[in-house]
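Right, one structure below, let's go through it.
The values are calculated or read from the model by the stated rules, or taken from the named source; none is laboratory data. None of the values given here were measured: they were computed from a predicted structure. All Cβ positions, glycine included, derive from the backbone under ideal geometry; neighbour counts span all protein chains shown. Just so you know, the surface numbers come from the protein's heavy atoms only, side chains and all, with ligands and any DNA or RNA stripped out. Shrake-Rupley method; radii C 1.70, N 1.55, O 1.52, S 1.80 Å.
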Amino acid sequence: MVFLNGQFIPEKQAFVSICDRGFQLGDGIYEVIRCYQGRPFRLGDHIERLFQSAQAIRLELPYGRDELAGFVNRLIADVTWDYADIYIQVTRGGAPRVHEFPAQIHPTVLMYVSRGQAVSPITLEQGIEAIIIPDTRGTLCNIKSVNLLPNVLARQAAAEAGAGEALFEREGIGVVEGAASNIFAVRKGVLSTGPLSPYTLPGVTRDCVLQLAKAQGLPVELEFLSREELLTADEVFITSTSKEVLAVTILAGQMIGDGRPGPITLKLASDYRSLVKRECGI
Ligand code: PDD
């Protein structure tokens with residue numbers, strides 16, 4: 001079953017207009033929420049971010065936060081998979097194509113669940129390879145919008161290079177985030193990640209990791225690092241809803257540290273797992 005505009009219907013009956021502005025103009029926002037044994041992790045944070053994104057694109061959501069959470073919970077009520085992902089997309093709606101906001105328009109709200117996959121133990125143990133590419137995006141990266149063309153091209157470039165992620169390097173700023181992840185580095189025992197800014201998504205996982213680091217008493221700096229600073233870091237890792245905390249052991253063809261996930265990355269990954277276990281039970 002999927003949720004479309006207030007109704008729970010079979011996927012085969014769920015249709016969106018060819019005039020939908022999400023389809024024609026990329027005029028929409030989204031969220032991805034991981035469920036562990038049917039329990040959504042940090043649902044409140046994701047719904048809050050959806051509201052922030054909606055506000056940023058001047059879209060009024062037709063449901064309140066609690067109502068939306070109720071729909072999500074109904075959607076996953078029968079899900080028994082260990083890992084599942086809830087996808088929520090809200091577009092400005094369907095109307096004859098003009099760039100400005102049409103006067104008479106109702107948002108399209110879609111939600112569905114798909115089976116998720118945990119990162120394999122071998123990948124967790126070895127870490128992934130990432131490439132660095134120029135950031136061709138603008139300054140709305142704090143909005144989780146469906147305009148993902150640069151991210152799609154970045155991930156494709158990574159895939160073609162046999163890498164698991166592409167990191168965006170922004171001129172004059174540094175390496176800001178991954179195509180679908182935030183970046184962290186450890187240098188001389190200090191954890192760093194970029195500050196909240198128009199260049200990065202305020203990741204829910206990033207926020208959890210910052211809280212876990214604080215709880216451990218780990219020194220943290222919120223700064224973008226340059227390519228050179230990242231390449232010479234002791235540890236580099238990415239965070240995202242589906243990848244959780246995942247070491248980057250080869251970056252731009254160079255080994256990070258000794259080429260294996262470092263102790264701080266592994267500790268934060270295991271703390272994150274414990275947090276999930278406490279909140280979701282697996
Ligand atoms: N992507 N930065 C970007 C550009 C992202 O697309 C994502 C997540 C993140 C990490 O955010 P979070 O920790 O809240 O998942 C950072 C999702 C998972 C996706 O597009 O599939």
- Message: For a quick check, take a GNM of the chain with Cα springs below 10 Å and name the residue from ARG206, ARG187, ARG92 with the largest mean-square fluctuation.
- Response: ARG187
- Message: Let me make sure I get this right: for the stretch 13-160, a, b and c are the square roots of the gyration tensor eigenvalues over alpha carbons, sorted descending. Under 1.5 in a/c it's rounded, otherwise prolate if a/b > b/c, else oblate. Which is it?
- Response: oblate
- Per principal axis, descending, Cα span of the stretch 216-257 in whole Å: 29, 25, 17
- Can you pull the accessible area of ARG155 for me, 1.4 Å probe, Å² to the nearest 10? 80 Å²
- Query: Of the heavy-atom accessible surface of the chain (probe 1.4 angstrom), what whole percent is carbon and sulfur?
  - Reply: 53 percent
- Task: Name the lysines eligible as straight-distance cross-link partners of LYS144: C-alpha to C-alpha under 23 Å, and not fewer than 8 places from it in the same chain.
- Result: LYS243
- Query: About its Cα centre, how strong a charge dipole does the chain have in debye, to the nearest 20, once Lys and Arg get +1 and Asp and Glu get -1 at the Cβ?
  - Reply: 480 debye
- Query: In degrees from 0 to 90, rounded to the nearest 10, what is the angle of the helix 149-160 Cα long axis to the longest principal axis of the chain?
  - Reply: 50 degrees
- Query: Cα centroid distance between the stretch 238-282 and the stretch 150-169, in Å?
  - Reply: 19 Å
- Message: Under 20 Å from a point placed 7 Å out from the Cα of MET255 along the Cα-to-Cβ direction: which residues of the stretch 117-139 have their backbone N that close?
- Response: 122-132
- Of all DSSP beta bridges in the chain, antiparallel share, percent nearest 5: 80 percent
- Item | the chain pair-distance distribution - Cα-Cα, 10 Å bins, rounded % | 6, 28, 34, 23, 8, 1
- Count the DSSP beta bridges whose two residues both fall in the stretch 126-282, then state the antiparallel fraction as a percent rounded to the nearest 5. 65 percent
- Item | GLU31 - accessible surface, heavy atoms, 1.4 Å probe, Å² rounded to 10 | 0 Å²
- So how tilted is helix 263-280 from the main axis of the chain? Cα-based, degrees 0 to 90, rounded to 10. 30 degrees
- Quick shape check on the stretch 143-185: root eigenvalues a ≥ b ≥ c of the Cα gyration tensor, a/c under 1.5 is rounded, otherwise prolate if a/b tops b/c, else oblate, and it reads oblate
- Can you give me the Cα centroid spacing of the stretch 17-41 and the stretch 104-138 in angstrom? 12 Å
- Å² per residue, accessible surface of the stretch 40-131 at 1.4 Å: 56 Å²
- Query: Per residue, how many Å² of accessible area does the stretch 157-253 show with a 1.4 Å probe?
  - Reply: 38 Å²
- Could the peptides 8-15, 163-170 be put in order, highest first, of the mean number of other beta-carbon atoms found within 10 Å of their residues? 163-170, 8-15
- Which value in deg cm²/dmol, rounded to the nearest 500, describes the helix-derived mean residue ellipticity at 222 nm for the chain, given -39,500 (n - 2.57) per DSSP H run of n ≥ 4 and division by the residue count? -9000 deg cm²/dmol
- Message: How tilted is helix 65-75 with respect to the longest principal axis of the chain? Cα atoms for both, answer in degrees (0 to 90, nearest 10).
- Response: 90 degrees
- Query: What shape does the stretch 183-257 have by the C-alpha gyration tensor, where a ≥ b ≥ c are the square roots of the eigenvalues, rounded means a/c under 1.5, and otherwise prolate means a/b greater than b/c and oblate the rest?
  - Reply: rounded
